[in-house]
Amino acid sequence: MGTNNVETFPQKEERTYCKEYKRLKELQGNDQIKELQTILRDKNTSRSDFKFYADRLIRLVIEESLNQLPFTDCKVITPTGATYDGLKYKSGNCGVSIVRSGEAMEQGLRDCCRSIRIGKILVESDAETHDARVVYARFPEDIAQRHVLLMYPIMSTGNTVSQSINVLKEHGVKEECIILSNLFCTPAAVETILQSYPKLKILTSEIHPVAPNHFGQKYFGTD
């Protein structure tokens, strides 16, 4: 951060990113995704435009997150009577949003999976120490048997996500069955999470030293 609370972005050649992790996946970069990321970072973007383009980026992230779930072979009979060799999800899945910003991603998941169940976790962070603690959690009763898409759009430090993962594990969810669906995260947050939870997967649209922490306020109109 520069003076007067103005964000300063390091030059490309000066940026340092987290080391590669096999369980970290970044959306394949293209001009469309870069445009969406640019619009969401632009301070002059109106709230209506922000929400519209945020929903577009969320949909792309959710679609790719679903690709990380396990599938199994199946056969179906077509209307012509032919047999088609296809795929279906291997086991039950569910979403869990970290309140409040994670709720922005719920509709994107429902648009892709009509009947999917969604749980919620509320984590409060101390304004000075940034220590996080879970104050509320609600999950499907059989969450321990499901794969979980943990939804949280902005990850700056990893503290909130870490607390949420701990709660899921306390409810019997296996670490390797958790996929963090994320829009923007910092290299430090990636390091924090994947060093502590090496079996977890992260799917994000961008890894960048400066996270757009205004996301939740702008999306919900509370800025």
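Placing +1 on the Cβ of each Lys and Arg and -1 on the Cβ of each Asp and Glu in the chain, which of Thr45, Leu57, Gly158 has its Cα farthest towards the positive end of the resulting dipole?
Leu57
How much of the DSSP beta bridge set in the chain is antiparallel, as a percent to the nearest 5? Could the numbers behind the result be given before it?
Numbers: 13 of 38 bridges.
Taking every DSSP beta bridge with both residues in the chain, the antiparallel ones total about 35 percent.
Two-decimal Rg/Rh of segment 19-220 from alpha-carbon positions, Kirkwood Rh?
On the way: Rg = 17.4 Å, Rh = 17.6 Å.
Ratio value, two decimals: 0.99.
How big is the dipole moment of the chain about its Cα centre under a simple scheme where the beta carbon of each Lys and Arg is +1, that of each Asp and Glu is -1, and everything else is neutral? Debye, nearest 20, please.
Numbers: 29 positive and 29 negative charges, 120 e Å.
Roughly 580 debye for the chain.
With a cap of 16 neighbouring Cβ atoms within 10 Å, and only residues DSSP puts in a loop, list the trypsin sites (Lys or Arg not before Pro) found in segment 82-125. Write down the numbers at each step before the final one.
Values: sites: Lys88, Lys90, Arg100, Arg110, Arg114, Arg117, Lys120; in loops: Lys90, Arg100, Arg114.
Of the trypsin sites (Lys or Arg not before Pro), the ones in loops of segment 82-125 whose Cβ has at most 16 other Cβ atoms within 10 Å are Lys90, Arg100, Arg114.
If r is the Cβ-Cβ distance from Lys75 to Cys112 and R0 is 22 Å, what FRET efficiency results, to the nearest 0.05?
Details: r = 24 Å, r/R0 = 1.07.
Efficiency for this residue pair is about 0.40.
Please list the three semi-axes, largest first and in whole Å, of the ellipsoid equivalent to segment 166-223, using sqrt of 5 times the eigenvalues of its alpha carbon gyration tensor.
Those come to 24, 15, 9 Å.
Which of Ile121, Ile202, Ile33 ends up with the largest GNM mean-square fluctuation for the chain, with Cα atoms connected below 10 Å?
Taking springs between Cα atoms under 10 Å, the residue moving most is Ile33.
Can you give the local net charge around Val173? Use residues other than it whose beta-carbon is closer than 12 angstrom to its beta-carbon, Lys and Arg +1, Asp and Glu -1. Mind dumping the intermediate values first?
On the way: positive: Arg146, Lys169, Lys174, Lys199; negative: Asp142, Glu170, Glu175, Glu176.
Value of the local net charge: 0.
Would you work out the charge dipole size for segment 102-223 about its Cα centre, treating the Cβ of every Lys and Arg as +1 and the Cβ of every Asp and Glu as -1, and quote it to the nearest 20 debye?
Values: 12 positive and 15 negative charges, 96 e Å.
Charge dipole, segment 102-223, about its Cα centre: 460 debye, nearest 20.
If we count every other residue with Cβ under 9 angstrom of Leu203's Cβ, Lys/Arg +1 and Asp/Glu -1, where does the sum land?
0
Taking GluC sites (Glu not before Pro) as candidate sites, keep only those in a DSSP loop with at most 13 other Cβ atoms within 10 Å, then name the longest stretch of the chain containing none of them.
On the way: sites that count: Glu7, Glu20, Glu128, Glu141.
In the chain, the maximal stretch lacking such sites is 21-127.
How many nm is it between the label spots at Glu176 and Asp31, if each spot is 7 Å from the Cα in line with the beta carbon?
Distance between the two pseudo-spin positions: 4.2 nm.
Values in this text are rule-based calculations from the coordinates and carry no lab data. From a predicted model like this one, the values you see are computed outputs, not experimental measurements. Every residue, glycine among them, receives a Cβ derived from its backbone with ideal geometry; neighbour counts consider all protein chains shown.
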